[in-house]
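Undergrad: First, the structure itself, so that you have it in front of you.
The values are calculated or read from the model by the stated rules, or taken from the named source; none is laboratory data. Note that the structure is a prediction, hence the values are computed from the model and not measured. Glycine gets a Cβ as well: all are built from the backbone with ideal geometry, and neighbour counts include every protein chain shown.
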Amino acid sequence: MELGLPASDVFLSFAIFALFSLLIIYPPAEARQAGFIIPNIFYSIIGDEKFNFIQHHLRRSCLTLLIHALLPMIYTFFMYFYFYEQFTLSGTFDLVQLLFRFSTTVLLLAGGYLFQISRSNFSNHSIIKNLAKYGPVDEVAAQINDEIKDFHNFKVEYIGYSKLIITSSWIVKVSMYNVVFLKISDARFKLTQTMDLPIFFHENSGKQMIDVQAESISDKTKPVTIRVYSREMFEELRAKLGGNVEIVSDIKFKSSLHERFVTIFKQHIYGNPRYTYDQKYELEPCMGCQSIQANIKLDKTCVDSVGEVQCRQCNCKPMW
């Protein structure tokens, strides 16, 4: 088969389109914030998940599948029209024909699947099947639609369209083409692993990736992995789940930046001589808790000398 194009042009065009496709399939946070995502662009068709969560994700998953299946065909037409003169001069359209066959196959498979599930009123859709595991679909869907509106739900957003929502009764994990439901009363929770993440200069706490596995006691659904990104988020998650999270003894939590500051600060304090306070001035309460009087004195001990970088008196009050 003759390409009809220099290999460099084929590679460059494919790389650019692959990047474009990744931005559509896994939109970054900036694209989500700007509203350049499928649910926002096709809002009139999909609707808002706050008003009808189940219907929204049924439509979103189907439309997402169709748009993703269209990407190879879009690339095929791009190659045909953009490089038309070069294909004509080379006398071969083999590459375009190959791309057209492949993209047509992908589009037909996606269209056939959507047509099949639409004929049964989407009862064969994976979302509906997941709902049916816990009772009549309409009743379960109505309960979830109602609980999703609660302002106090626990929410975590992941890459692309993936996210996790925990209501008062349900764990709902949204993925690109599917939504998994797990009833909290039918689940047991276990902390499976932790992984330290780098700390950046603009962050004020140590970050740690923490995975909690939720398993169905009745085996109605596959285990769901709940991933949070800090110890504070884990404590919030644990409280939402009623504290019923099994923690393996060999798993260690990463101390926050504040906790590490306190530890190192205490080490330095205990290494210094004690200061005798003459009660001349009234002590102020600690800024951190406002309930205990200050018991640490910050004093400048470095010596100012010519030619050396001068140190300054510390006028800040210790917060802990």
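Undergrad: Go through the residues of region 129-143 one by one and say whether even a single one is under 21 Å from the mean Cα position of the chain (by Cα), outside any loop (DSSP other than H, G, I, E, B) and either under 23 Å from Ile217 (Cα atoms) or aliphatic (A, V, I, L, M) (or both).
TA: No; the residues of region 129-143 include none that is under 21 Å from the mean Cα position of the chain (by Cα), outside any loop (DSSP other than H, G, I, E, B) and either under 23 Å from Ile217 (Cα atoms) or aliphatic (A, V, I, L, M) (or both).
Undergrad: Still on this structure, I have one more. Could you give every pair whose Cβ atoms fall below 8 Å, whose first residue belongs to region 150-170 and is without any contact (Cβ under 8 Å) to a residue 12 or more places away in the chain and loosely packed, with under 13 Cβ neighbours inside 10 Å, and whose second residue is outside any loop (DSSP other than H, G, I, E, B) and not β-branched (Val, Ile, Thr), counting only separations of at least 6 or pairs across chains?
TA: Lys155/Lys163; Lys155/Leu164
Undergrad: Only residues that are modelled with pLDDT under 90, touching a Leu at 6+ places or on another chain (Cβ under 9 Å) and surrounded by 13 or more Cβ atoms within 10 Å (Cβ to Cβ): list them for region 171-210, please.
TA: Ile199, Ser205, Gly206, Lys207, Gln208, Met209, Ile210
Undergrad: Run Phe53 past the list (1) surrounded by fewer than 20 Cβ atoms within 10 Å (Cβ to Cβ); (2) under 37 Å from the mean Cα position of the chain (by Cα) and report the number of the one that doesn't hold.
TA: Result: Phe53 fails condition (1) only.
Undergrad: With respect to Ser120, determine if the residue is among the small types (Gly, Ala, Ser) and either outside the structural domain of Leu58 (by TED's automatic domain parsing) or within 19 Å of Val179 (Cβ to Cβ) (or both).
TA: Yes.
Undergrad: Listed residues Thr92, Thr104; which is more than 37 Å from the chain's Cα centre (by Cα) and more than 15 Å from Leu63 (Cα to Cα)?
TA: That would be Thr92, the only listed residue that is more than 37 Å from the chain's Cα centre (by Cα) and more than 15 Å from Leu63 (Cα to Cα).
Undergrad: Give the residues of region 110-122 that are surrounded by 12 or more Cβ atoms within 10 Å (Cβ to Cβ) and either of a type in the set (Asp, Glu) or without any contact (Cβ under 8 Å) to a residue 60 or more places away in the chain (or both), sorted by residue number.
TA: Taking region 110-122 and keeping what is surrounded by 12 or more Cβ atoms within 10 Å (Cβ to Cβ), we get 110-111, 113-114, 117-118, 122.
Result: Ala110, Gly111, Tyr113, Leu114, Ile117, Ser118.
Undergrad: If I filter region 5-28 for residues that are assigned to a loop (DSSP other than H, G, I, E, B), under 30 Å from Gly91 (Cα atoms) and either of a type outside the set (Ser, Thr, Tyr) or within 20 Å of the chain's Cα centre (by Cα) (or both), do I get at least one hit?
TA: Within region 5-28 (the criterion being assigned to a loop (DSSP other than H, G, I, E, B), under 30 Å from Gly91 (Cα atoms) and either of a type outside the set (Ser, Thr, Tyr) or within 20 Å of the chain's Cα centre (by Cα) (or both)), the answer is yes, since at least one residue qualifies.
Undergrad: While we're here: Looking at Ser126, Ser44, which is the one that is surrounded by fewer than 17 Cβ atoms within 10 Å (Cβ to Cβ), within 28 Å of Asn178 (Cα to Cα) and either touching a residue at least 12 places away in the same chain (Cβ under 8 Å) or in the same structural domain as Met176 (by TED's automatic domain parsing) (or both)?
TA: Selected residue: Ser126, the only one of Ser126, Ser44 that is surrounded by fewer than 17 Cβ atoms within 10 Å (Cβ to Cβ), within 28 Å of Asn178 (Cα to Cα) and either touching a residue at least 12 places away in the same chain (Cβ under 8 Å) or in the same structural domain as Met176 (by TED's automatic domain parsing) (or both).
Undergrad: Please find, among Phe51, Phe115, Phe100, the residue that is outside the structural domain of Ile148 (by TED's automatic domain parsing) and more than 30 Å from Asp138 (Cβ to Cβ).
TA: Details: Phe51 fails: more than 30 Å from Asp138 (Cβ to Cβ); Phe115 fails: more than 30 Å from Asp138 (Cβ to Cβ).
Unique residue meeting the criteria: Phe100.
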